[in-house]
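See below for the structure under consideration.
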Amino acid sequence: MHHIQKASGDYEKYDRNKLLSSLLAAGLSEDRAMEIVREVESSGRISTTRDLHEIVKERLLRRYPVVAARYSLKEAIMKLGPTGFPFEEYIAQVFRSLGYHVETHQFIRGRCVTHEIDLLIDGRKIGECKYHNARGIYTGLKEAMYTYMRFLDIGEIRKLDGVILITNTKFSREAIEFSRCYGLSLLGWKYPRRRGLEAMIESSGVYPITVLSGILRDEEITSLIGSGVISVNQLVMRGRVREEAYQVARELVRFAKKT
């Protein structure tokens, strides 16, 4: 492999170390990770990043299902849709597990209009969630400005400590520049560096139910989300699922508690 196509349509040079690092971060030993890397490189089936992800996950599911779940975190969050509601509920669970008090879908009066706020964090910080169910989409300047204007309008009436825009993808350069200028906090995929959404999820130990895709059928996952089960942690507490999936879920929660 020389170059592979990203979701944005651009091409990048295949980086063995990048793949190896992602497998190590997902919990594989170095020997096992290198074994997967060699198998992937010899497959001859990869022309896009999606191909790369799918063939890696296919091999992990056969041998290391808990690792497969952690490896597929970004894809799993995108499967929480098609609406943004499960994503908002999932993010609330992540924040709560880290010690924050979070209320969802609050109607708060501003100076000019009443706003429906996705998250109210510790009663003093508003959080707006921007969900995407496809790769290669950036959260941009428009979303950053919209979120900040809400903060300003509510701040005319109510004392607030800040505002945060949360997304499951990346931010555009303009959104980052705007946020730095006006003090808008951003939380997205790999942003801020080493403290992005993926790092926060790993710290919380709360994984979306969709990491079990490939172990549970799509219709089973849809049914669980419809009944309010958004995270693997909730699934373990309820226990009403096929034994194979339940055991992987338990191992995933146990692994999170160790780290």
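Here, each number is a calculation from the coordinates, and none is a lab measurement. None of these values were measured; they are calculated from a predicted model. Note that each Cβ is placed from the backbone with ideal geometry, even for glycine, and that neighbours are counted across all protein chains shown.
Between the DSSP loop rule and a limit of at most 11 other Cβ atoms within 10 Å, which GluC sites (Glu not before Pro) in the stretch 1-89 are left?
Numbers: sites: 12, 30, 35, 39, 41, 54, 58, 75, 88, 89; in loops: none.
Of the GluC sites (Glu not before Pro), not one in the loops of the stretch 1-89 has a Cβ with at most 11 other Cβ atoms within 10 Å.
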Query raised in the report: Roughly how many whole Å is it from the C-alpha centroid of the stretch 148-195 to that of the stretch 107-124?
Result: 15
Report task. May I ask for the distance between the Cα centers of the stretch 76-90 and the stretch 202-229, given as a whole number of Å? Result -> 10
Query raised in the report: Once amide H atoms are placed 1.01 Å from N in the peptide plane, what residues at a sequence separation of 5 or more from residue 170, or on another chain, have their amide H within under 5 Å of its amide H?
Result: 139, 189
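Rounded to the nearest 0.05, what FRET efficiency is calculated for residue 185 and residue 12 with R0 set to 22 Å and r the Cβ-Cβ distance? Working shown, then result.
Working: r = 29 Å, r/R0 = 1.32.
Plugging the Cβ-Cβ distance into 1/(1 + (r/R0)^6) gives 0.15.
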Report task. Using only alpha carbon pairs under 8 Å that are at least six residues apart, calculate the relative contact order of the stretch 55-128 and give it in whole percent. Result -> 17
Query raised in the report: When ranked by the protection proxy of mean other Cβ atoms within 10 Å per residue, highest first, what sequence do the peptides 242-254, 205-217 form?
Result: 205-217, 242-254
Query raised in the report: Expressed as an acute angle from 0 to 90° and rounded to the nearest 10, what is the orientation of the C-alpha long axis of helix 16-25 relative to the principal long axis of the chain?
Result: 70
Report summary line: In terms of the charge dipole of the chain, which places +1 on Lys and Arg and -1 on Asp and Glu at the beta carbon, the residue among 93, 147, 27 farthest towards the positive end is 27
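By how many nm would the segment from residue 219 to residue 54 grow when fully extended, if each residue of separation counts as 0.36 nm and the alpha-carbon distance is taken off? Walk me through the numbers on the way to the answer.
Values: separation 165, 0.36 × 165 = 59.40 nm, distance 1.97 nm.
So the chain would gain 57.4 nm between residue 219 and residue 54.
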Requested in this report: List the aspartates and glutamates whose Cα lies under 16 Å from the Cα of residue 6, skipping any in the same chain that are fewer than 8 positions away.
Outcome: 15, 51, 54, 75
Report task. Starting from the Cα gyration tensor of the stretch 85-203, take the square roots of the eigenvalues, sort them a ≥ b ≥ c, and report rounded, prolate or oblate (rounded when a/c is under 1.5, otherwise prolate if a/b is larger than b/c, else oblate). Result -> oblate
Query raised in the report: Can you give the calculated 222 nm mean residue ellipticity of the chain, where each DSSP H run of n ≥ 4 adds -39,500 (n - 2.57) and the sum is split over every residue, rounded to the nearest 500 deg cm²/dmol?
Result: -15000 deg cm²/dmol
Query raised in the report: Pairs 79/125; 13/130; 142/170; 13/142: which exceed 23 Å Cα-Cα?
Result: 79/125; 13/130; 13/142
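Hey, with R₀ at 45 Å, roughly what FRET efficiency would residue 30 and residue 105 work out to, going by the Cβ-Cβ distance, to 0.05? Don't jump to the answer; show the numbers that get you there.
Working: r = 45 Å, r/R0 = 0.99.
That gives a FRET efficiency of 0.50.
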Requested in this report: Could you please report the charge total around residue 162, scoring K, R as +1 and D, E as -1 over all other residues with beta-carbon less than 9 angstrom from its beta-carbon?
Outcome: +1
Report task. Read through the labelled values (1) 18.3; (2) 21.9; (3) 19.5 and report the label of the one computed as Kirkwood radius over Cα pairs in Å from the structure. Result -> (3)
Query - Simple spin-label estimate for residue 83 and residue 114 in nanometres, 7 Å along Cα-Cβ - result: 1.9
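Between residue 174 and residue 243, what is the FRET efficiency for a Förster distance of 41 Å, r being their Cβ-Cβ separation, to the nearest 0.05? Don't skip to the answer; put the middle values down first.
Numbers: r = 49 Å, r/R0 = 1.20.
Result of the calculation: an efficiency of 0.25.
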Query raised in the report: Each residue of the stretch 224-236 in turn: what ³J(HN,Hα) in whole Hz from Karplus with 6.51, -1.76, 1.60 and θ = phi - 60°, glycine and Pro shown as x?
Result: 5, 4, x, 8, x, 8, 9, 10, 4, 4, 5, 4, 5
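Looking at the square roots a ≥ b ≥ c of the eigenvalues of the Cα gyration tensor of the stretch 1-87, which shape do they give, rounded for a/c under 1.5, prolate if a/b is larger than b/c, or oblate? Before the final figure, lay out the partial values.
Numbers: a/c = 2.07, a/b = 1.19, b/c = 1.74.
Verdict is oblate for the stretch 1-87.
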Requested in this report: Determine the dipole magnitude for the stretch 207-258: charges of +1 sit on the beta-carbon of Lys and Arg, -1 on that of Asp and Glu, nothing else is charged, the reference point is the Cα centre, and the result goes in debye to the nearest 20.
Outcome: 320
